[in-house]
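Below is one structure, written out as structure tokens; the observations come after it.
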Amino acid sequence: MAHKTTEELIAEEEKKGEQVKARMAELKARQKVEERKRDNHRKIIVGAAVMAHIRIDPRFRKDLQNALNRAVTDPKHRAVIPDLLDEKAYLQAMKAAAKKEAAEAKEAKEAAKTATEPAPPGNTPAEAPQQGKGEPEGPVTA
């Protein structure tokens, strides 16, 4: 077996170095994705806690409204959270949500009621005419 030249050894080591750099870049990219997922998850949890707390603490809600009005200046972002920027809009949104919830509860109650009621006579499968048995329906042609 022939020995490799110094140039060949250098080329191999350079190739290994490039492979290590590529692998490091891949791992760093994966780490950024994981950090972004973790950060988004944290924001969702904190946001949900804040949204729950503004319903039970009017002073906290007012402080949040003040903070958001100072911090959120982009009109497209403000358009997403009007109920969090203004007390009147918040109360209207809560009233609309309660109305919607009541309508959905009523609809669910009615659906449950009709599901438990017996079917009217003549419409049950046992009483319905069965095709292929007994006399054929309509005129018979030979």
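Once you list every other residue whose beta carbon is under 15 Å from the beta carbon of PRO58, what net charge do they have if Lys and Arg are +1 and Asp and Glu are -1?
Its environment carries a net charge of 0.
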Summing +1 for each Lys or Arg and -1 for each Asp or Glu, what net charge is found among the other residues whose Cβ lies under 15 Å from the Cβ of VAL72? 0
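Less than 13 Å Cβ to Cβ from ILE81, Lys/Arg counted +1 and Asp/Glu -1: what total charge do the surrounding residues give? If you can, show how the numbers build up before the last one.
Details: positive: ARG61, LYS76, ARG78; negative: ASP74, ASP83, ASP86.
Counting the neighbours of ILE81, the net charge comes to 0.
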For the stretch 14-56, take N as its residue count and report Rg(C-alpha) divided by 2.2 N^0.38 Å. 2.04
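Every number in this text was worked out from the coordinates using simple rules, so none of it is lab data. On a predicted model such as this, the values are computed, not experimentally measured, just so you know. Cβ coordinates were reconstructed from backbone atoms using ideal geometry, including for glycine residues, and neighbour counts include every protein chain displayed.
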